[in-house]
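Visitor: Have a look at this one.
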Amino acid sequence: MNKETQEQFIAQLRKRVEETFGQEIKMPKDFDNLSQRINGDTKTYISATTLKRMWGYLSEPVTPRKATLDVLAQYVGFKDWDAFTLGEAGLPNEEPSASKRKMSRVWVTALLVALACAIGLLLLRNCRMSHQLTSMTDSLETVTADKYVIRLGQTFSTYDEYLHLFGITPDDRPWAQPLPGHPEICIWGPEFHNAHWHNDGNPDSLMPTITEYWHVEGADPETVHLRNIDHYTYLRYRKELRVTFMKGLRDSTFTFLGLYVMDREECDTNRIVWQRIAEECDLTHLDYLEQLRR
């Protein structure tokens, strides 16, 4: 499939999603609601940020991943993206009608109720929990039916495991990635023990402040000083907010430490002091981070 044809199919898919959703997707809240609706119907989570990029609400160009297209195709009643493209092209494909889909949901619901009566309340709870966690990593904590939060102390195995929650594909700088659409918000993954960039603090309290500075053993003191001056000058007027996952604080995993901004009274040309201002990050409403940054 060439690029032009794929874009035509994606445009058709967006239209079908809006028809299923029942309205055009225009406002930030629409993307949040659509994300929740897709998660409820398909048991698979697509972030509002990913949907914004696909609808062109965010400025950066992006080609949706097939996994994302598969979920959206399922939301409008197809098996996957390939089945959708066959159906839209007029080729034979068994697309379930709306009435069949509704009847199928009725039968599934009836079966689950009967099963719950047969095997008891405990198994019913386990089934519901397994459905909720099918498409989410174990590190996400369900607070309510429509709110997912990362909290202080949660751990992640790799950069990929937490970056994809923000709609980010890691590149050659996975430890410092801007949040899509928000260049002054950094998803930061420093190392607690690093030979060049030092990050001092109290690990027992999960680093309420982080003192960051550059120093290499045996390096020329003037070189060290100039490097730290450059770093201080760059950050001084940037008003950056850092969503921080520190590697090696407890073991080889990344520990979520919270949201940090510069403590300007404590910073100088030799060091940057980051102060934690929040212990959790709400993945369903990332735009609120701009308010914290300012």
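Visitor: Just to make sure I understand: if all protein chains stay in place, what is the order of Met1, Met27, Met262 by accessible area at 1.4 Å, largest first?
Guide: Largest to smallest exposure gives the sequence Met1, Met27, Met262.
Visitor: I've got another one for you. Which far-off residues, 5 or more places away or on another chain, put their amide H under 5 Å from the one on Glu184, with H placed in the peptide plane?
Guide: none
Visitor: Let me ask another. Within segment 178-204, find all residues whose amide N lies under 20 Å from a label point positioned 7 Å from the Cα of Ala219 along Cα-to-beta-carbon.
Guide: The answer is 189-201, whose backbone nitrogens lie closer than 20 Å to the label point.
Visitor: Given a Förster radius of 35 Å and the C-beta distance between Gln6 and Val149 as r, what FRET efficiency does 1/(1 + (r/R0)^6) yield to the nearest 0.05?
Guide: Working: r = 35 Å, r/R0 = 1.00.
Calculated value: 0.50.
Visitor: Here's a follow-up. Using a 1.4 Å probe and counting only protein heavy atoms, arrange Glu18, Glu4 so the residue with the most accessible area comes first.
Guide: Glu4, Glu18
Visitor: Please give the net charge around Met1, taking every other residue with its beta carbon less than 12 angstrom from that of Met1, where Lys and Arg add +1 and Asp and Glu add -1.
Guide: Residues near Met1 contribute -2 overall.
Visitor: While we're on this one: If the chain between Lys66 and Ser157 were fully stretched, how many nm would it gain, using 0.36 nm times the residue separation less the Cα-Cα distance?
Guide: Taking Lys66 through Ser157 to full extension adds about 30.3 nm, to one decimal.
Visitor: Under a 5 Å amide H to amide H cut-off, with H placed in plane at 1.01 Å, what residues pair with Ile277 once short-range neighbours are removed?
Guide: For Ile277, whose amide H was placed from the backbone, the distant partners under 5 Å are Leu259, Tyr260, Val261.
Visitor: Hey, another quick one. Lys and Arg at +1, Asp and Glu at -1: add these up for the other residues within a Cβ distance under 11 Å of Arg294 and post the number. Walk me through the numbers before you get to the answer.
Guide: Working: positive: Lys239, Arg293; negative: Glu184, Glu290.
Neighbourhood net charge equals 0.
Visitor: On to the next question. Summarise the accessible area of segment 1-80 (1.4 Å probe, protein heavy atoms) by the percent that is carbon and sulfur. Don't skip to the answer; put the middle values down first.
Guide: Numbers: 1940 of 4260 Å².
That share works out to 45 percent.
Visitor: Ordering Thr20, Thr169, Thr68 by how much accessible area each has at a 1.4 Å probe, largest first, what is the list?
Guide: Working: Thr20 60, Thr169 110, Thr68 15 Å².
Heavy-atom accessible area, descending, gives Thr169, Thr20, Thr68.
The values are calculated or read from the model by the stated rules, or taken from the named source; none is laboratory data. Since this is a predicted model, take the numbers as computed values, not measurements. Counting neighbours? That spans all protein chains shown, and the Cβs are built from the backbone with ideal geometry, glycine included. What goes into the accessible areas is simple: the full protein's heavy atoms, side chains included, and nothing from ligands, DNA or RNA. Shrake-Rupley method; radii C 1.70, N 1.55, O 1.52, S 1.80 Å.
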